[in-house]
Amino acid sequence: MVVGNDSSVTEFILVGFTDLTQLQLPLFLLFFMNCMVTVVGNLSLINLIYLNAHLHTPMYFFIFNLSFIDLCHSLVITPKLLMSFVSENTISFEGCMAQLFFFCFFVHSECYVLTAMAYDRYVAICKPLWYTVTMFPQVCSLLMFGSYAMGFAGAMVHTGDMVRLSFCDSSIINHYMCDIFPLLQLSCSRTDASELVDSIVVSTVVIMSSFIIFVSYALILSNILHISSAQGWSKAFSTCGSHIITIALFYGSGLCTHLKTSSDGSLGQRKFLSVFYTNIVPMLNPLIYSLRNKDVRLAVKKTLKRVAN
């Protein structure tokens, strides 16, 4: 049977972490708990923001969308990962391309949402009198639409690039998901053009978003240095602290995963490093934005009182 891209491979086998035979049960339990905490944490934060009127602000609008992206991101990756511990984890060619598309879509969208959040923090700290005028609902909605639209465009390029390749020899993917690099190594087509296109897309996203984030925080830092009161300093750092931690975790783990190395074990290293931004970061984000945030803690208390009454 031949699929649409003239490939003789109709399904792939996702290896996951099955090579670690003695750690199968502990790893399954860890990833299962990670999935539960991620789903409960992000759903809880989404519901808190939706149900509490005092959280209906631009900053929490972006956090709401960030939690939605993290939730969907986790649900795209983790179920197939868990399946690899209990049975041979096969995925159809079409299913593999769909997973790759949604994975790229949510990763790219998260980059742009974090960038929009940096701009939001810049306006809040450096232009506080203009904040309500600059970040009115239509602007926030436009920024979110742009984030999803550019995420969609990037995912379409990555997936379209992969669909054109042929897979005719091995069907075993040394990963727990259908990612770009494992698929490129598996293809029996020439991948030079595909690697170049993928590198250009990823580099464009990273450079553009990193530049905007860097400029935003450089201006914020410059503004903070002119604040004389300790209270002003504290407020500025508390406002930006959670976002800075999220950026450091997401970009740090993502860049470590995708930095190309010449060693034979680079693909295996990428597999382990990718756990951080596909599983750990989506789990930590709701904790970072709730434990460090007085508004969210207040919303939790109000919601619990409402439930109790």
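The values are calculated or read from the model by the stated rules, or taken from the named source; none is laboratory data. As the structure is a computational prediction, the values presented were derived from the model and not from experiment. Here the Cβ is made from the backbone with ideal geometry for all residues, glycine too, and neighbour counts use every protein chain on show. Keep in mind that these areas ignore ligands, DNA and RNA; they rest on the heavy atoms of the full protein, side chains included. Shrake-Rupley method; radii C 1.70, N 1.55, O 1.52, S 1.80 Å.
Odds and ends about this structure:
- Condition check for Ile213 on (1) within 18 Å of the chain's Cα centre (by Cα); (2) surrounded by fewer than 16 Cβ atoms within 10 Å (Cβ to Cβ); (3) aliphatic (A, V, I, L, M): one failure, at (2).
- Taken as a whole, the range 29-41 holds no residue that is farther than 24 Å from Gly146 by Cα, open to solvent by 20 Å² or more (accessible area, probe 1.4 Å), touching a residue at least 12 places away in the same chain (Cβ under 8 Å) and polar (S, T, N, Q).
- The numbered conditions (1) closer than 30 Å to Ile220 by Cβ; (2) in contact with a Ser or Thr (Cβ under 8 Å, 6 or more places away or on another chain); (3) surrounded by fewer than 16 Cβ atoms within 10 Å (Cβ to Cβ); (4) among the hydroxyl-bearing types (Ser, Thr, Tyr) are all true for Tyr112 except (3).
- Qualifying residue in the range 150-166 (condition: touching a Ser or Thr at 6+ places or on another chain (Cβ under 7 Å), among the polar types (S, T, N, Q) and more than 13 Å from Phe101 (Cα to Cα)): yes
- Test: residue in the range 186-201 that is open to solvent by 10 Å² or more (accessible area, probe 1.4 Å), over 30 Å from Phe64 (Cα atoms), touching a residue at least 40 places away in the same chain (Cβ under 8 Å) and among the charged types (D, E, K, R): no
- Single residue of Ser44, Ser8 found to be open to solvent by 10 Å² or more (accessible area, probe 1.4 Å) and either within 20 Å of the chain's Cα centre (by Cα) or at pLDDT 90 or above (or both): Ser44
- Single residue of the range 188-207 satisfying the filter (part of a helix (DSSP H, G or I) and among the hydroxyl-bearing types (Ser, Thr, Tyr)) that is modelled with the highest pLDDT: Thr204
- Of the residues making up the range 133-187, not one is modelled with pLDDT of 95 or more and outside any helix (DSSP H, G or I).
- Any hit, the range 105-112, residues being over 19 Å from Phe250 (Cβ atoms), part of a helix (DSSP H, G or I), of a type in the set (Asp, Glu) and touching an Asp or Glu at 6+ places or on another chain (Cβ under 9 Å): no
- Condition met for Thr78 (of a type in the set (Val, Ile, Thr) and open to solvent by 20 Å² or more (accessible area, probe 1.4 Å)): no
- Search result, residues across the range 86-103 that are under 13 Å from Asp179 (Cβ atoms) and part of a helix (DSSP H, G or I): Cys96, Met97, Gln99, Leu100, Phe101, Phe102, Phe103
- The lone exception for Ala149 - which of (1) more than 16 Å from the chain's Cα centre (by Cα); (2) without any contact (Cβ under 8 Å) to a residue 40 or more places away in the chain it fails: (1)
- Checking Pro58 against (1) closer than 24 Å to Phe276 by Cβ; (2) in contact with a Cys (Cβ under 7 Å, 6 or more places away or on another chain); (3) not β-branched (Val, Ile, Thr), the condition it does not meet: (1)
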